Every structure is written in C-alpha cells, then in structure tokens.
1. Would you confirm whether any residue within segment 242-258 is open to solvent by 10 Å² or more (accessible area, probe 1.4 Å) and of a type in the set (Lys, Arg)?
2. If Gln451 satisfies every condition in (1) closer than 25 Å to Phe591 by Cα; (2) open to solvent by 50 Å² or more (accessible area, probe 1.4 Å) but one, which is the exception?
3. Of the residues Gly691, Gly662, Gly719, Gly750, which is in a loop (DSSP other than H, G, I, E, B) and either within 28 Å of the chain's Cα centre (by Cα) or surrounded by 20 or more Cβ atoms within 10 Å (Cβ to Cβ) (or both)?
4. Considering each residue of segment 377-416, count those that are part of a loop (DSSP other than H, G, I, E, B), open to solvent by less than 50 Å² (accessible area, probe 1.4 Å) and within 30 Å of Asp29 (Cα to Cα), and give that number.
5. Among the residues of segment 268-277, is any modelled with pLDDT of 95 or more and part of a strand (DSSP E or B)?
6. Hey, does segment 485-505 have a residue that's open to solvent by less than 10 Å² (accessible area, probe 1.4 Å) and more than 24 Å from Ala396 (Cα to Cα)?
7. For segment 295-334, how many residues meet the condition of being open to solvent by 10 Å² or more (accessible area, probe 1.4 Å) and under 23 Å from Phe246 (Cβ atoms)?
8. Exactly one condition in (1) at positive phi; (2) in contact with a Phe, Trp or Tyr (Cβ under 9 Å, 6 or more places away or on another chain) is not met by Ser207; state its number.
Amino acid sequence: MGRRTRTHAVQAAALLLAFLHLHVAAAADPPFSCGAASGAPYCDRKLPMERRAADLVSKLSLEEKISQLGDESPAVARLGVPAYKWWSEALHGVAWSKGMHLDGPLRAATSFPQVILTAASFNPHLWYRIGQAIGREARGVYNNGQAEGLTLWAPNINVFRDPRWGRGQETPGEDPAMTGKYAAVFVRGVQGYGMSGAINSSDLEASACCKHFAAYDLDNWKGVTRFAFDAKVTEQDLADTYNPPFKSCVEDGGASGIMCSYNRVNGVPTCADHNLLSKTARGDWSFNGYITSDCDAVAIIHDVQGYAKAPEDAVADVLKAGMDVNCGGYIQTHGVSAYRQGKITGEDIDRALRNLFAIRMRLGLFNGNPKYNRYGNIGADQVCNKEHQDLALQAAQDGIVLLKNHAGALPLSKSKLSSSSIAVIGPNGNNASLLLGNYFGPPCISVTPFQALQGYVKDARFVQGCNAAVCNVSDIGEAVHAATSADYVVLFMGLDQDQEKEEVDRLDLGLPGMQESLVNKVADAAKKPVILVLLCGGPVDVTFAKNNPKIGAIVWAGYPGQAGGIAIAQVLFGEHNPGGRLPVTWYPKEFTAVPMTDMRMRADPSTGYPGRTYRFYKGKTVYSFGYGLSYSKYSHRFASRGTKPPSMSGIGGLKATASAAGTVSYDVEEMGAEACDRLRFPAVVRVQNHGPMDGRHPVLLFLRWSNATDGRPASQLIGFQSVHLKAEEAAHVEFEVSPCKHLSRAAEDGRKVIDQGSHFLKVGDDEFELSFMA
C-alpha cells in the first residue's frame, strides 16, 4: 500500500512510549464526598439535587461559605467535603491547569488540533466525537487520582470578529451560527450527552463551560487591554452576532457552565451585568449551571475599571448580578466584610453556593467513590488510546485547507519523490510544539512535519531559514542553497504563539519579519514551483504567494495538534484528499486601518467603515469565508426547485410592521413556537464528486436577501453537512429550513423579524428563490 513508511514507525514508537508512561504506577483514589457511612441529606441520592445542595449549604458557617466562592475551594473537613479546584482547561484536549495534573502516572493526553482548524472541517459529528474524547480523558485523569476538579473551562465561543485577535485560534471562526453549532455538540460530547435529543442534566461525565460571555474579542491592541476595554455594542449586533453562540451553547448544548469576561459591554462589566447573567442566560435561555468569572475579573472591576468604588462593592456587584464563583481570591478576601457591611445578603451567598454544589453533585462527587459509579470504569487506558489518537489525526486531515493548487502542483508523487530529494524550509517545519497552539497539555505523540516527510523521501534536508516565526534573524542564503540543490521544496511558514495568543493581538496581517522575502527568494531559486504550508490560527495576507506562479500550492494547516505533521504529509502526498474550508475571512493588509476597538459588524459607507466578517464586510478579500479546494471536482444543485415553505397567510393574528426603508416584516416572538414549527420545510441538495479521488466534502447552504437594507447581512450560512463521497459518487443532502430561525434577521432593537418578499437559498453556484407573502 506504500503507507508503511518511517513516519509510521516514528508514530508507533511514540505510541509505545505513551503507553508505557500511562502504566508506570497504580492509580490513586479520586477525591469525593459521602462514603458508605454518611447519612446526611446532602448525601441522599434519592433526593432532588436542589434539596441536597441546599442542605449542604445550610450546614456551613459564614466563613466556610465565603471560602467556597473562589476557584480553589478548600476542604470542609467536619462535613467530609474535600477541596475542589474549579479551573481546568480542555480547549482541544486535557491540558495543564490547576485542576488537572499530568505529572503522575498519566503524563500525556490526546492533543487535538486547535479549534480553528477543527472547525474548518464543517463536520459537527467530528466536533461531537472530539468533545466525547475530551470528556472521557478528563474523567479518566480524575479517576486515576490526578485531578481535583472536573469543571473544564472550554469551549471558547466568541465570534472571531477581527483577524488580529490573538485568541481567534481558540474559536470556531467568524460565523455565529456555525460557532453555536460547534458549542452545542462539543458541550454535549464533553458532558456525556447524546449528539441530539434529550439531556440528562443530573448526570455529568465532565462539566463544560462556554466562555467568554460576552462581546470579548480583544486582548491587547495598541495599549488597549481586555481588562479596561469597554465594548460599545448595538442591540442589533448583540442579537445576531455576539449572543447567539452562547444561546445555542445553553439551549441546544445544555452547558453546565458559563464564564463572564473581563471587558465591559456598554459601560457595565459583564460579570456585574444582571441583564446578561440573570435575565438573559438564566431567564431567557433557562441556563442550569454555574457562572464563573474569568481569572481576577472581579478584582479588576474595582482595581482597573473603577466601576466599583470599594472591593466590597465589586463583590456585591457580581453576586447580585448572578455570578457564582470567582476565579481568584478576591471574594474570599472581601466577602465577609461585604456581608458585614450589608452590601450582600445571606441569600446572595447561598444562591451562588447552591449552584456550585449542585454542579459537584451532578458530577457524582457526592455519591461516594466515583470509581464505583456511572463513570467509574473510565480509567487510564482511556487516555491516549488508539481511538482518540486516530480521531486527532482525522481532525487534522479534515481541517486542512488547500488554498492554491496551480497546474496540479499537488499532490506530490510518492513514486517520483522516493528517488528524489526534498528541501523542507522554514521556522515552522521541525518544531512539534508549534503544532499545538495554546492551552495544550503534553501530547501522546510528537511528530514534526519534517519527520513525517522523511518517511516519504529518503533524501530530505531541513533548513530553518529564520530564527522563529518573528523572522527578524534569517539565513536566506542557506535556504536558497538548499532550494537550488533539491528536486522539490516545501516551505513551512506562518505564525506562532509569540505572534498570536492570549494577551497578544497582532498589529499587521502579513507574514512576520523577513518571511515574505525568504519565500520569494526560495521560490525564485527552486527547480520547480514550491509548496507553501502556513501554520497559523489567524489569517495572513499572502496575496504575494497567491499571485506568484513559482509558488505552486498554498496549504493552510492551522495549529494541527499532535498528529498534524503526519496529516500534512498525507495531504501533500495525496493519501488524504483535502476538504477543509476557511471558517474566517482572510483580509488584505489594508484592513488594519480599521480600529480593532470598533465593535460594529455592519458597514457604514458614509464613513468608509467596511464592516466585518463575510456577512457584512464590503471590501476586497485574500480568501473568502468557506473557501477551499480539493484534489477532486464537486458539483451542487438543488434537487427540487419546487420546494417552497408554507404560506405566512395561514398564521392568524400577525401584525406586519414597516421599516423606514419600507420593508414589511413580522415579529418572530409574536408568531410563537407552534406557528414557527408549521413553517419548516426541507431543502434537498444533490452533490457529486466528479473525481478523480474519494473525498470528504462540506456542503454549505447560504441565505441571501435581494438587498442589504435594514442591516441585513450580505449572506448568511444557515446549514452545513460533511459528506464522504467516492470518486464519481453522488448523494442527496437534506437540510431542514426553519424560517423563524434561518430566514429571520435582527432588527435595530434586537428583535428577530422575518421580512416579506424574496429570499434566496444558495449552495455552490446554484440558488433558488423563496417568497414570503402575507
């Protein structure tokens, strides 16, 4: 088959090493409450969870209660309550954190691709399976006695609004509906739920936490920090961009945790915003879980923002808003004095504690030894197992996006290269840690792109070319010499965690330092058109490479995780047919003239403001949202153009309103759930793979309006599915279209409305018109 290469030998050796690490010592008992001898009501599994939590809270003294309101909650020995650490990380795999310790018998966990690359697969089933794997590995670490908590602070579901944001890599991209779908299925996987259907909210495998609520997407830009930033956001933008992912995370995913963010929204710190936390999340969305602050966010309400006049006021602001636990020690330090000064009541404290202990009970930590309960059979053998490592490889394969393939530069021929030479050039080509992105733990295996390519080409040479991605020190001469002496050249360029990460936003969108010069000179010197592989989370302006015929192909590989080196090599050599699509718009360098602090989504032609994301941006792009090539050719068409939704006229009592632009619309909330259900209809798409290779292909269904007045998006993704098709195979893909959800828009006051008149469904180059008439 040609796949038993040295790459696979490296992988097998790494797997064996990981296996040995996992089994060097016996597991310790995990911490828990309510052993066999306990008869307290809070240990009675027959009682409702709320009553159990209330009973435990009633037994605590004031000082004990306040001590539980920080992320490091101490033990209450007299009640048999162990210490608990709320802060654990699992963005794309179980990671180092206060609550998880990968420094004992278990020393590694499966490291999946950074989220932005996983999102590029447009495959919700893959996202769900990754969530499942992470939830199981977290429980396995806990059952092995190497964790003090099971509350995982993931996923990050802030919309990737600005391409310079250092944490955009952690998110599923710029589309709120897609981000919301990722949130829902990932959370369901982590918490042990089915991918769809009913939720058993009383039994958590692990707890997922959707962050950062809300309108958080700036870390540190030109001296403006996330701690002090006041995001000015319209009701319209909150309704159709910033809030929908969190709504989906709660309503569709059943998330048991929410993290409020550092920033203010329209003057109010999010952790002190009763409207966001209590009215919207708990009231409108029926959130059932706990709300944590980001770390030290309560302190900055007083210390940085000056919103609270005294530390005790900050404590009161957040507890009365509906927050439950402070990441940090600020409430633990100032909570008692806040109570004695009359700024918080006993019920403010007890409400938060009931939410917190209910989560620990839903995790089974007050049901005796977890090893003997529902998830007790998940052990060390579930961490870094073959299934999860295969899944990490698949996620990397399916996310990789082919951006350019001039004159069939890819795939490379294994037979030709087996007797040829290859030069691998670039700072990102031979450093396994660069594949992991941020918020990672020690991976099960570690294979660099260069090591993987050595398995295909015996005569392979690596030249770094730059000191790092910053590329302020380079050896272009050595790189050019390597290129002239090799038959093929692959460049590994892009960004790294010094260029984009938490607290680091970019100032420009080009390749850093001398990277562009290095790429051009190597391309000029090479015998054949070179291959450029970009490792980065945020988009980069590579117009120079897109237009250079001496650069035959461009591949975006994000931060592809532990199996990324292998996946890249398999794509380059045609062992995997790339099918990823960009989950973000790639803007030109000139976009940096737009202030990152401007939170408006919609364009303003009167001032030249271009808008943001594919939905509203009116400007040139390097590559568009949803763009991606394949080694195969695909076609799409609607299977039936006779499809049309039921008439609005059959719904009685509707009141139409007209906007200033003359648009007639109907309020979705006034229509009601029953009427909305009656309007649902199917849209069937025929998709065909015309070959020459089998492949997985995302089918993206968009809505567009006849015009963009009244703040309508230019287009809107309303559905997507990933299908695997053999060469020449065709399939029908069915989407359920709900006009109330998919064809509505946000009015200026945030209400969801459906416009009377024409709407167009679009897939690929095919579209058909729908008309809603009163």
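1. yes
2. In the conditions (1) closer than 25 Å to Phe591 by Cα; (2) open to solvent by 50 Å² or more (accessible area, probe 1.4 Å), Gln451 misses (1) alone.
3. Values: Gly691 fails: either within 28 Å of the chain's Cα centre (by Cα) or surrounded by 20 or more Cβ atoms within 10 Å (Cβ to Cβ) (or both); Gly662 fails: either within 28 Å of the chain's Cα centre (by Cα) or surrounded by 20 or more Cβ atoms within 10 Å (Cβ to Cβ) (or both); Gly719 fails: in a loop (DSSP other than H, G, I, E, B).
Going through Gly691, Gly662, Gly719, Gly750 in turn, the sole match is Gly750.
4. Qualifying residue count for the region: 5.
5. So in segment 268-277, the residues modelled with pLDDT of 95 or more come out as 268-277.
Add one more test, that the residue is part of a strand (DSSP E or B), and what stays is 268-269.
Checked against the condition, which is being modelled with pLDDT of 95 or more and part of a strand (DSSP E or B), segment 268-277 yields at least one hit.
6. yes
7. Summing the residues that are open to solvent by 10 Å² or more (accessible area, probe 1.4 Å) and under 23 Å from Phe246 (Cβ atoms) in segment 295-334 gives 8.
8. Status for Ser207: all satisfied but (1).
The values are calculated or read from the model by the stated rules, or taken from the named source; none is laboratory data. Everything numeric in this text was worked out from a predicted model, so none of it was measured. Neighbour counts run over all protein chains shown; Cβ positions are idealised from the backbone, glycine included. Ligands, DNA and RNA are stripped out before the accessible areas are found, and what is left, the full protein with its side chains, is counted by its heavy atoms. Shrake-Rupley method; radii C 1.70, N 1.55, O 1.52, S 1.80 Å.
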